[in-house]
Amino acid sequence: QVQLVESGGGLVQAGGSLRLSCAASGRSFSLYTMGWFRQAPGKEREFVAGIRWNGGSTYKSDSVKGRFTISRDNAKNTVYLQMNSLKPEDTAVYYCAAKMGIVGTVTDDYDYWGQGTQVTVSS
């Protein structure tokens, strides 16, 4: 069992930056693959980035490549999403999620979810 709590969201102007954190509690965090998803109003929840247990593989959807970076600190049981050059279309609730095995890009791949943190980018 893993419990996930996101933080770091807020209101930022276009072009600004935010760093989201996802703190995990429970057993064996370092063994889990972690993912970030986001959901804008009226839209499906979409994959943003994922990182394997050792940090060796990361995946970012095309919409955020070059702007967002996922990383993790297993000693702190935390995964991060650094978001730069933010755009109004990045406005969404951002969720972290955990699973075993390879990075998944759909919500059904993941077993554990946080409550989400709101990111709002003004133009």
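Annotations
- The single residue among Val119, Val5 that is at pLDDT 95 or above and open to solvent by 60 Å² or more (accessible area, probe 1.4 Å) turns out to be Val5.
- Qualifying residues in the range 40-70 (those that are small (Gly, Ala, Ser), open to solvent by less than 50 Å² (accessible area, probe 1.4 Å) and modelled with pLDDT of 90 or more) - the one nearest to Ile102 (Cα to Cα): Gly50
- Residues of the range 74-99 classified as surrounded by fewer than 13 Cβ atoms within 10 Å (Cβ to Cβ) and farther than 16 Å from Gly10 by Cα, total: 2
- Among the residues making up the range 1-27, those that are touching a Ser or Thr at 6+ places or on another chain (Cβ under 7 Å) and of a type in the set (S, T, N, Q) are Gln3, Ser7, Gln13, Ser21.
- The range 17-31, subset open to solvent by 20 Å² or more (accessible area, probe 1.4 Å) and over 19 Å from Thr120 (Cβ atoms), residue nearest to the chain's Cα centre (by Cα): Ala23
- Scanning the range 39-66 for residues that are of a type in the set (S, T, N, Q) and closer than 18 Å to Gly114 by Cβ turns up just one, Gln39.
- Evaluated against (1) modelled with pLDDT of 95 or more; (2) surrounded by 16 or more Cβ atoms within 10 Å (Cβ to Cβ); (3) outside any strand (DSSP E or B); (4) touching a helix residue (DSSP H, G or I) at 6+ places or on another chain (Cβ under 9 Å), Phe37 falls short on exactly one condition, (3).
The values are calculated or read from the model by the stated rules, or taken from the named source; none is laboratory data. Bear in mind the structure is a predicted one, so any value in this text is a computation, not a measurement. Cβ: placed from backbone, ideal geometry, glycine included. Neighbour counts: every protein chain shown. Remember, those area values only see protein heavy atoms, side chains included, never the ligands or the DNA or RNA. Shrake-Rupley method; radii C 1.70, N 1.55, O 1.52, S 1.80 Å.
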